[in-house]
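J.: Just passing along the structure, written as structure tokens.
The values are calculated or read from the model by the stated rules, or taken from the named source; none is laboratory data. Predicted, not measured: the structure shown is a model, and the values here were computed from it. Cβ coordinates were reconstructed from backbone atoms using ideal geometry, including for glycine residues, and neighbour counts include every protein chain displayed.
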Amino acid sequence: MEHFDEKAQNWDNDITKVERANIFAREIYDFIQPDRLMNALEFGCGTGLLSYQLKDKFNTITLVDISKEMIKVLNEKIKANNLNNLYPIHTNLLEDKIDIGDFDVIYTLMTLHHIIDTNKVLKTFHSLLKTNGYLCIADLIKEDGSFHPPDYNFEGHYGFDKDALSLLLVANGFEVLNYNISYVIERKDDDSIKKYPLFLMICKKES
């Protein structure tokens with residue numbers, strides 16, 4: 001969490017983060033075609049880059065993150081742009097007992113691989129979604145562990161295998177509707193370019 005608190009002020013200056021948020025927002029919208037009566041939740045929202053692209057597509061968007069500084073930056077952006085349908089909450093949904101209602105759509109971008117207990121977070125998503133609600137997961141495909149530098153002290157998953165994640169989703173009451181590689185992060189590795197593809201998986205709560 002300290003890492004993200006430290007990065008919050010300059011988070012939006014990274015053009016690749018803005019670019020990937022735009023791409024995933026467009027794909028989520030194109031697939032779901034939400035109406036203005038739907039309410040959405042963004043899990044691990046950061047500064048709200050993804051939800052900002054979807055702000056005109058939903059009735060309300062609740063944004064949650066465990067980084068206090070990320071939520072602070074997000075609140076400043078909401079105030080500066082006079083937005084009245086985005087509701088940020090500084091909370092850990094997996095630990096804090098708060099009533100935030102239920103949702104038609106939940107989406108998360110580059111957050112799931114930070115959650116050690118994937119089964120627990122999927123159960124939480126299931127409990128927060130209405131029946132036939134959509135869950136959209138955008139994250140790393142399985143990688144070799146080099147995505148996070150050694151000094152980051154990363155604890156989490158080195159991306160996700162499509163089949164393994166699909167089985168876990170089905171076990172938690174979801175039907176997988178769509179999967180595709182939507183974006184590739186490129187980083188210099190000595191004299192070569194290291195590529196880290198990101199997937200978008202869209203599911204529906206069955207019951």
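J.: Given the conditions (1) at pLDDT below 95; (2) in contact with a Lys or Arg (Cβ under 9 Å, 6 or more places away or on another chain); (3) of a type in the set (A, V, I, L, M), and given that L93 satisfies all but one, which numbered condition is not satisfied?
T.: (2)
J.: Here's another thing I want to ask about it. When the stretch 178-200 is examined, which residues are found to be of a type in the set (F, W, Y) and under 15 Å from I23 (Cβ atoms)? Can you show your working first?
T.: Within the stretch 178-200, the first condition is being of a type in the set (F, W, Y), and the residues that meet it are 179, 183, 196, 199.
Result: Y183, Y196, F199.
J.: Of all the residues that make up the stretch 115-161, how many are at pLDDT below 95, surrounded by 13 or more Cβ atoms within 10 Å (Cβ to Cβ) and of a type outside the set (G, A, S)?
T.: Number of matching residues: 3.
J.: Additional query: If D139 satisfies every condition in (1) of a type outside the set (S, T, Y); (2) under 20 Å from F58 (Cβ atoms); (3) in contact (Cβ under 8 Å) with a residue 40 or more places away in the chain but one, which is the exception?
T.: Evaluating D139 over (1) of a type outside the set (S, T, Y); (2) under 20 Å from F58 (Cβ atoms); (3) in contact (Cβ under 8 Å) with a residue 40 or more places away in the chain leaves (2) as the failure.
J.: Exactly one condition in (1) in contact with a Lys or Arg (Cβ under 7 Å, 6 or more places away or on another chain); (2) more than 20 Å from G133 (Cβ to Cβ); (3) among the acidic types (D, E) is false for D104; which is it?
T.: So the condition that D104 fails would be (2).
J.: Another question, if that's okay. Could you go through the stretch 47-55 and let me know if any residue there is out of contact with any helix residue (DSSP H, G or I) (no Cβ under 6 Å at 6 or more places or on another chain), over 27 Å from T118 (Cβ atoms) and not in a helix (DSSP H, G or I).
T.: Yes, because at least one residue in the stretch 47-55 is out of contact with any helix residue (DSSP H, G or I) (no Cβ under 6 Å at 6 or more places or on another chain), over 27 Å from T118 (Cβ atoms) and not in a helix (DSSP H, G or I).
J.: Would you be able to say whether some residue in the stretch 5-12 is at pLDDT 95 or above, over 16 Å from H114 (Cβ atoms), surrounded by 14 or more Cβ atoms within 10 Å (Cβ to Cβ) and within 16 Å of the chain's Cα centre (by Cα)? Step through it out loud before you land on a result.
T.: Residues of the stretch 5-12 that are at pLDDT 95 or above, as a first pass: none.
Scanning the stretch 5-12 turns up no residue that is at pLDDT 95 or above, over 16 Å from H114 (Cβ atoms), surrounded by 14 or more Cβ atoms within 10 Å (Cβ to Cβ) and within 16 Å of the chain's Cα centre (by Cα).
J.: Also, I was wondering about something else. Just to verify a result, which residue in the stretch 182-203, among those that are more than 15 Å from the chain's Cα centre (by Cα) and of a type in the set (V, I, T), is surrounded by the fewest Cβ atoms within 10 Å (Cβ to Cβ)? Quick ask: steps written out before the conclusion?
T.: Looking only at the stretch 182-203, we keep the residues that are more than 15 Å from the chain's Cα centre (by Cα), and these are 184-197.
Okay, now just the ones that are also of a type in the set (V, I, T), so 184-185, 193.
On the way: V184: 12, I185: 16, I193: 10.
Across the stretch 182-203, the extreme among qualifying residues is I193.
J.: Keeping to the stretch 75-95, report how many residues are closer than 23 Å to P34 by Cα and within 18 Å of the chain's Cα centre (by Cα).
T.: Looking only at that region, the number is 4.
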